[in-house]
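Derivation of every value follows stated rules applied to the coordinates shown; laboratory data play no part. Because the structure is predicted, anything quoted here is derived from the model rather than measured. Neighbour counts are summed over all protein chains in view; Cβ atoms, including those assigned to glycine, are modelled from backbone coordinates with ideal geometry.
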Amino acid sequence: MEGMTAQSKAADPDNRSGSMFHESFSLNRPAMSLILPILANGGDEATFSAALRDSLGANYVKAMPRYARSCGLVEFGLPKLTPLGQHVLAHDPSLTLPATQWLMHYHLSAPSGPGPRFWHDLTVRLPDYDATFSSNDLTEEVGKSVETTQGRTLAERSLRTCATIYTGTYTKPEGLGALHLVQEAPDGYRLGDAEPVPLGVLAYALAHYWERRYGHVQTRNLSDLSEPGGFGRLFFLSQFALNKALRALTRRGVLELWQQAPPHQVTKPPKPAALLEEIYDD
């Protein structure tokens, strides 16, 4: 499928999107919502490609399927919904609920997720800015990310475009603007007063994060989740807020906290598929 199977600069061999996956477009949920039922209806790849072109048009037909993949809704390299994509289609086909948008943000930003690496690096870096940050700040951060992870540089125009589509995704209402993660400011941008993260989203995201980062390890130090660049930073949660959320998840039976003596520990949650039903319960 166009935008799904194309590799080259759009994706890397580690099953995550490449830096220029976006084709200079910010995430657009109404356009992305057209992809899910097309995939659910079945058919061969030619049918998928024709339906996408008819629904999305020439401008979005490459970018939006890549966003759908980067948001964890579509299998990497395959014209097929992920289990999460199937669940979202059944419960929120318009992609409007905060729970859906938080999970789209999580997959874009996860360190071992399908989103581009620079997206993760920007997300975990933004809370370090004391007040505001500029497009130039973000452009510089994207350049550092690409150079560190890929050992190469991108043209200044490409770096600036990556920074622009990141802020556009979080400030535009048709993107993830409803989460209020990033807001426009007179001298650039600032962190917003983010919407609360539903517990079901945190449960599913932590299960995915654990599976990708820690594998079969049964316990980790609680501090690992709140360290700079850790799980809590992906949702812009303070250590206090993260610990409060984890205690709530213990009451749901998702995990256990062992805090009798340091180092305090957290136990492995169930597999992500077992927590799909938790996502929209809140």
| Most positive-pole-ward Cα, TYR129, ALA63, GLN265, against dipole of the chain from beta carbon charges | GLN265
| note | At q = 0.09, 0.11, 0.15 Å⁻¹, the log10 of I(q)/I(0) for the chain from a Debye sum over equal Cα scatterers comes to -0.41, -0.62, -1.16
| remark: Once amide hydrogens are built 1.01 Å from N within the peptide plane, the residues lying 5 or more places from VAL74 or on another chain with amide H under 5 Å from its amide H are ARG69, THR82
| field | Long-range amide H partners of ARG220 with built H, under 5 Å | value | VAL266
| note | Extension length gain for ALA185 and ASP54 (0.36 nm per residue less Cα distance), in nm, is 43.4 nm
| said: Quick check on my link table: of LYS80/LYS244; LYS80/LYS271; LYS62/LYS144; LYS144/LYS244; LYS144/LYS271; LYS62/LYS244, which ones sit more than 32 Å apart, alpha carbon to alpha carbon? | reply: LYS80/LYS244; LYS144/LYS244; LYS144/LYS271; LYS62/LYS244
| For region 224-229, what does the Karplus curve 6.51 cos²θ - 1.76 cosθ + 1.60, with θ = phi - 60°, yield as ³J(HN,Hα) per residue in whole Hz, taken in order and with x for Gly and Pro? | 4, 7, 10, 5, x, x
| query | When only C-alpha pairs under 8 Å and at least 6 residues apart count, what is the relative contact order of the chain, in percent? | reply | 18 percent
| task | Note down the magnitude of the dipole of the chain about its Cα centre, charges +1 on Lys and Arg C-beta and -1 on Asp and Glu C-beta and zero elsewhere, to the nearest 20 debye. | result | 420 debye
| remark: Once amide hydrogens are built 1.01 Å from N within the peptide plane, the residues lying 5 or more places from LEU255 or on another chain with amide H under 5 Å from its amide H are THR250
| note | Per its Cα gyration tensor (rounded if a/c is under 1.5, else prolate when a/b beats b/c, else oblate), region 60-119 is best filed as oblate
| message | Shape verdict for region 172-282, please, from the Cα gyration tensor: rounded (a/c under 1.5), prolate (a/b greater than b/c) or oblate. | response | prolate
| query | In terms of Cα to Cα distance under 13 Å, which aspartates and glutamates are near enough to LYS172, apart from those fewer than 8 places away along the same chain? | reply | GLU184
| In whole Hz, what ³J(HN,Hα) sequence does region 273-281 give by Karplus (6.51, -1.76, 1.60; θ = phi - 60°), x for Gly and Pro? | 4, 6, 10, 4, 5, 6, 4, 9, 6
| remark: For the pair GLU45 and LYS271, the simple spin-label estimate (label points 7 Å beyond Cα toward Cβ) gives in nm 2.8 nm
| message | Quick check: pseudo-label points 7 Å beyond the Cα along Cα→Cβ at THR250 and THR164, how many nm apart are they? | response | 4.9 nm
| said: Quick one: 3J(HN,Hα) in Hz for region 215-221, Karplus 6.51/-1.76/1.60 with θ = phi - 60°, rounded, Gly and Pro as x. | reply: x, 8, 4, 8, 9, 9, 5
| Whether region 104-217 is rounded, prolate or oblate, judged on the alpha carbon gyration tensor where a/c under 1.5 counts as rounded | oblate
| Inter-part distance where region 240-270 and region 35-82 are each reduced to a Cα centre, Å | 38 Å
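Quick check on the chain: helices-only [θ] at 222 nm, where DSSP H runs of length 4 and up contribute -39,500 (n - 2.57) each and the sum goes over total residues. Nearest 500, please.
So the helix-based figure for the chain works out to -14000 deg cm²/dmol.
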